[in-house]
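> I have a structure here, written as structure tokens, and I will follow up with some questions on it.
The values are calculated or read from the model by the stated rules, or taken from the named source; none is laboratory data. As the structure is a computational prediction, the values presented were derived from the model and not from experiment. A quick note on method: Cβ atoms are made from the backbone with ideal geometry, for glycine too, and the neighbour counts reach across all protein chains shown. Ligands, DNA and RNA are excluded from the accessible area calculation, which covers all protein heavy atoms including side chains. Shrake-Rupley method; radii C 1.70, N 1.55, O 1.52, S 1.80 Å.
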Amino acid sequence: METVVKPIMHSFAKIIQSPMQSFDEFNISDQLRYAIDDLGYTTPTPIQSRAFPIVMSGKDVVGIAQTGTGKTFAYMLPILQTLKFSKEKHPRVLIIVPTRELVVQAVEEIEKFSKYLSVRAIGVYGGTNINVQKAAVAEGQDIVVATPGRLYDLVLSRALSLKQIKKLVIDEVDVMLDLGFRFQLTNIFDLLPKNRQNIMFSATMTNDIEELINSFFTGTIKISVALSGTPLENIEQNSYQVTNFYTKANLLIHLLKNTEAFNKVLVFVSNKKSADRLFETLQEQYNDEICVIHSNKTQNYRLRSIRQFDEGKNRILVTTDVMARGLDLVEISHVVNFDTPRYPENYMHRIGRTGRAEKKGKSLLFFTDKELYYKTSIESLMKMEIPQLEFPEEVELSKRLTPDEQPVIKERDNPHKQVQGEERGESFHEKSDKNLRTNQGGAYQRIIKAKYKKPKTRGDKNYNKRNKKK
Ligand code: AMP
């Protein structure tokens with residue numbers, strides 16, 4: 001594993017530091033050290049080395065790391081180190097995760113890490129009796145691990161107070177947003193004290209995450225653990241420069257004709273819309289061989305698609321980055337990056353799906369002019385160039401554009417367009433009588449007013465009745 005520390009965008013703070021190589025450098029309490037020894041951990045993982053000083057410093061941080069990199073301990077170790085014993089009833093640390101299973105897993109981990117500490121931790125999640133959880137919360141807790149929905153219910157019913165929260169951890173942010181928890185998360189942000197540290201973890205970086213971070217946090221430091229554990233030399237990487245989406249589809253259709261070489265193809269796209277669009281386009285030719293997974297598909301549909309692909313019944317699987325998470329697919333012949341990932345780590349995660357277990361794998365990257373910049377970022381992360389193949393002559397160049405590719409029409413030279421704030425000049429002719437009229441209000445009311453000498457409204461039957469009685 002190689003660690004990379006760099007800012008996501010200019011609004012993100014940059015930090016340069018050398019990673020800590022040993023737990024001795026962490027300067028942690030004896031109690032934590034005993035727990036580490038019991039667990040048999042000898043050296044910190046890269047994400048732990050990187051995260052420890054930043055989390056200790058109190059700064060906001062987003063860690064890009066997959067499950068299995070030791071990320072739970074990466075945030076728990078500094079949190080436990082700073083969490084002083086307290087009789088405070090309300091929790092001081094809140095950890096939000098997307099699923100019940102992850103709540104249970106995180107609580108179990110915390111229990112192991114805090115074996116020699118006096119820390120109260122509880123997991124709360126939906127689908128179980130809320131009253132039992134209310135009673136447990138009422139006993140007083142230091143750390144609450146929760147799914148967003150149940151957390152919100154507990155806070156609204158006043159069973160749980162978030163006013164003492166000093167540290168907020170959001171784990172698996174990409175899954176969280178993909179499952180549609182954005183609204184719930186922002187609701188929870190509103191209930192939290194402003195003065196708190198935000199610690200986030202995600203396996204992939206997405207536009208949605210960046211948007212969330214830019215909207216709610218400032219000066220967030222990004223730590224990234226690139227999966228260079230995947231031996232790059234096992235993967236033959238190539239790229240094609242392609243003009244647009246439908247030409248990319250034509251190229252893919254062409255390549256897939258070689259069924260022998262392209263016998264198990266994982267195609268990555270960046271979002272659900274592109275996944276569906278590509279699926280439909282490929283269906284015409286490869287109907288019986290293709291399946292698609294993204295978060296709008298039902299769990300059953302996704303499981304069936306993955307099984308059929310893994311068993312070889314379907315040759316082609318179209319997927320988004322988040323959905324392909326944790327899938328242990330064997331012997332993928334090709335990973336096709338149908339679009340160029342904006343975040344180079346995602347490219348590493350994608351191509352790491354092939355070339356596993358000493359097998360040779362192939363990866364292709366399709367990039368447009370606009371995506372060239374992202375390709376360069378990927379190349380600088382890998383410290384190598386991705387060779388470019390010649391675009392096959394027999395592939396038709398499509399002129400069809402997706403809605404995203406359509407040019408935005410800016411009426412820069414429209415002489416009739418009135419610029420905001422610009423005053424209209426006088427008309428160069430006399431206005432006709434019709435155009436000289438000014439708006440007097442509703443014609444009906446004026447006619448009635450003229451007739452009855454008092455304002456009357458249509459349908460005011462009571463007015464007439466009232467006046468009759470008088
Ligand atoms: P996670 O990425 O948090 O899901 O952790 C993956 C696994 O790595 C868990 O089973 C941890 O117990 C284990 N682990 C975490 N930190 C270390 C370490 N420093 N050395 C060895 N194993 C670790």
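> Give just the number: which of (1) assigned to a helix (DSSP H, G or I); (2) surrounded by 22 or more Cβ atoms within 10 Å (Cβ to Cβ) does Val175 not satisfy?
Going through the list (1) assigned to a helix (DSSP H, G or I); (2) surrounded by 22 or more Cβ atoms within 10 Å (Cβ to Cβ), Val175 breaks only (2).
> Can you tell me which residues in the range 299-325 are small (Gly, Ala, Ser) and either under 26 Å from Leu102 (Cα atoms) or buried (at least 21 other Cβ atoms within 10 Å of the Cβ) (or both)?
Of everything in the range 299-325, those that are small (Gly, Ala, Ser) and either under 26 Å from Leu102 (Cα atoms) or buried (at least 21 other Cβ atoms within 10 Å of the Cβ) (or both) turn out to be Ser305, Ala324.
> Can I ask one more? Might you let me know whether the range 141-154 holds any residue that is of a type outside the set (Asp, Glu) and within 16 Å of the ligand (Cβ to nearest atom)?
Yes, there is a match, as at least one residue in the range 141-154 is of a type outside the set (Asp, Glu) and within 16 Å of the ligand (Cβ to nearest atom).
Every residue, every condition in (1) charged (D, E, K, R); (2) at pLDDT 95 or above, yes or no:
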{"site": "Phe181", "(1), (2)": "no, no"}
{"site": "Ser202", "(1), (2)": "no, no"}
{"site": "Asp208", "(1), (2)": "yes, no"}
{"site": "Ile213", "(1), (2)": "no, no"}
{"site": "Ser224", "(1), (2)": "no, no"}
{"site": "Thr243", "(1), (2)": "no, yes"}
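> Which pairs have Cβ atoms under 6 Å, sit 6 or more apart or on different chains, and link a residue in the range 137-158 that is assigned by TED's automatic domain parsing to the domain that holds Ile110 and part of a loop (DSSP other than H, G, I, E, B) to one that is of a type in the set (Phe, Trp, Tyr) and at pLDDT below 95?
From residues that are assigned by TED's automatic domain parsing to the domain that holds Ile110 and part of a loop (DSSP other than H, G, I, E, B), the pairs are Thr147/Tyr125.
For every residue, the table says whether it meets (1) under 24 Å from Ala249 (Cα atoms); (2) under 17 Å from the mean Cα position of the chain (by Cα); (3) without any contact (Cβ under 8 Å) to a residue 40 or more places away in the chain.
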position	(1), (2), (3)
Tyr286	yes, no, yes
Ile293	yes, yes, yes
Thr298	no, no, yes
Ser305	yes, no, yes
Asp310	yes, no, yes
Ile316	yes, no, no
Ala324	yes, yes, no
Val336	yes, no, no
Arg350	yes, yes, no
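> Which residues, counting only those in the range 352-386, are under 17 Å from Val269 (Cβ atoms) and free of Cβ contacts under 8 Å to residues at least 60 places away in the same chain?
Lys370, Glu371, Tyr374, Ile378
> If you don't mind, there's one more thing I want to ask. Filtering the range 50-107 down to residues that are aromatic (Phe, Trp, Tyr) and open to solvent by less than 50 Å² (accessible area, probe 1.4 Å), which residue is nearest to the ligand (Cβ to nearest atom)?
Step by step, filter the range 50-107, then rank; the result is Phe73.
> Is it true that some residue in the range 326-335 is touching a helix residue (DSSP H, G or I) at 6+ places or on another chain (Cβ under 7 Å) and surrounded by 22 or more Cβ atoms within 10 Å (Cβ to Cβ)?
Within the range 326-335 (the criterion being touching a helix residue (DSSP H, G or I) at 6+ places or on another chain (Cβ under 7 Å) and surrounded by 22 or more Cβ atoms within 10 Å (Cβ to Cβ)), the answer is yes, since at least one residue qualifies.
> Would you check which residues across the range 357-388 are of a type in the set (A, V, I, L, M, F, W, C), in a loop (DSSP other than H, G, I, E, B) and surrounded by 12 or more Cβ atoms within 10 Å (Cβ to Cβ) and list them?
Selection gives Ile386 alone.
> Kindly list the number of the only condition in (1) modelled with pLDDT of 85 or more; (2) within 12 Å of the ligand (Cβ to nearest atom); (3) open to solvent by less than 10 Å² (accessible area, probe 1.4 Å) that fails for Asp38.
The one condition Asp38 does not meet is (3).
> Identify, please: which residue in the range 108-128 is open to solvent by 30 Å² or more (accessible area, probe 1.4 Å) and either touching a Lys or Arg at 6+ places or on another chain (Cβ under 6 Å) or on the phi > 0 side of the Ramachandran plot (or both) and is, among those, nearest to the ligand (Cβ to nearest atom)?
Looking at the filtered set, the residue picked out is Tyr125.
> Another question about this same structure. Of all residues in the range 138-164 being surrounded by fewer than 17 Cβ atoms within 10 Å (Cβ to Cβ) and among the hydroxyl-bearing types (Ser, Thr, Tyr), which is farthest from Met76 (Cα to Cα)?
Ranking the qualifying residues of the range 138-164, first place goes to Ser157.
> Going by the structure shown, is Asn296 touching a Lys or Arg at 6+ places or on another chain (Cβ under 6 Å), more than 25 Å from Met382 (Cα to Cα), open to solvent by 20 Å² or more (accessible area, probe 1.4 Å) and not acidic (Asp, Glu)?
Yes: the conditions hold for Asn296.
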